[in-house]
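Novice: One structure is given below, represented as structure tokens, and several questions about it will come after.
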Amino acid sequence: LLRGGLNTLLIDLRGSGHSGGEFSLGLYEPQDVKAAVSYLDASPQVTNHHYALYGVSFGAGVAIATAGGNGAQYQGAPEVVAVVADSPWATEDDTVSRLDSLPVLGWSVPLPHSADVLGHSITFLPDARWAVDSTLGGNMDIRSALAGARSLAPTQSLLIIHGLHDTNSTTSLAVAQRLFKAAKVKHKQLWLAPEGGHIGALAAMGGAYEQQVLGFLGKYLLKYKDPPSPTPAVIG
């Protein structure tokens, strides 16, 4: 990015790297990114207030969620004109569903949550979704990458990178295609990297990766033009 002439701000999301706070499966992480955008907006050293977000794996989903919001409770970041998402997740449903089972001798055994006793259903163990939402203090889905993709503005641009050898169930080809289809933006690209697994395309094919990313950002960030203002109606 620096070789490509781009000013770059790197951040550690909450509960990661040197940042405090607690990891929240994407519920609050978009607020961290929006705080970084606000920081740049307030900086006297920054004169161009159009930004791109570049995220990898978990950060890729957070980038999409931040840019798009969900069109209701959580607004997106209009200053973000382009998003590069390498190996993104769409929702954390698969991660949560895994908490509803226990590995036993190589098998995944579902945890029971209720039982029928004398014709009555008795619930004795809440499911993982309830437990996670209660622990986090909210529903992760309101700030999911899928909600963000659906709520991207038509003027925002999206590049999704997916490694064809990615075996991570939360970042499968179907997930990448689902996000790509959900984004109703004018400019979007889905690059299927033939080499490298999960987040492995950069290491496996650096030159092609750099060309894809910098080419995209050159078009939709460096050459970004504000949409034309609507012509005021003339009343005679």
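Novice: Take Leu10 and decide whether it is farther than 23 Å from Pro154 by Cα and free of Cβ contacts under 8 Å to residues at least 12 places away in the same chain. Spell out how you get there, then give the answer.
Specialist: Values: farther than 23 Å from Pro154 by Cα: yes; free of Cβ contacts under 8 Å to residues at least 12 places away in the same chain: yes.
Spelling it out, Leu10 is indeed farther than 23 Å from Pro154 by Cα and free of Cβ contacts under 8 Å to residues at least 12 places away in the same chain.
Novice: I'm trying to understand the selection: among the residues of the range 1-14, which are surrounded by 13 or more Cβ atoms within 10 Å (Cβ to Cβ) and not charged (D, E, K, R)?
Specialist: Within the range 1-14, Leu1, Gly4, Leu6, Ile11, Leu13 meet the criteria.
Novice: Hey, could you check the range 153-193 for residues that are assigned to a helix (DSSP H, G or I) and open to solvent by less than 50 Å² (accessible area, probe 1.4 Å) and say which is modelled with the lowest pLDDT? Please lay out each step first, then the result.
Specialist: Taking the range 153-193 and keeping what is assigned to a helix (DSSP H, G or I), we get 169-171, 173-182.
Narrowing further to those that are open to solvent by less than 50 Å² (accessible area, probe 1.4 Å): 170-171, 175-176, 179, 182.
Values: Thr170: 91, Thr171: 95, Val175: 96, Ala176: 97, Leu179: 97, Ala182: 97.
The qualifying residue modelled with the lowest pLDDT is Thr170.
Novice: Can you report the number of residues in the range 15-33 which are closer than 21 Å to Asn70 by Cβ, open to solvent by 60 Å² or more (accessible area, probe 1.4 Å) and either modelled with pLDDT of 95 or more or part of a loop (DSSP other than H, G, I, E, B) (or both)? Explain how you work it out, then say what you get.
Specialist: So in the range 15-33, the residues closer than 21 Å to Asn70 by Cβ come out as 23-33.
Still in the list and also open to solvent by 60 Å² or more (accessible area, probe 1.4 Å): 23, 28, 31.
From what's left, either modelled with pLDDT of 95 or more or part of a loop (DSSP other than H, G, I, E, B) (or both): 23, 28.
Number satisfying all stated conditions: 2.
The values are calculated or read from the model by the stated rules, or taken from the named source; none is laboratory data. Everything numeric here is computed off the predicted structure, so don't read it as measured data. All Cβ positions, glycine included, derive from the backbone under ideal geometry; neighbour counts span all protein chains shown. For accessibility, only protein heavy atoms count, side chains too; no ligands or nucleic acids. Shrake-Rupley method; radii C 1.70, N 1.55, O 1.52, S 1.80 Å.
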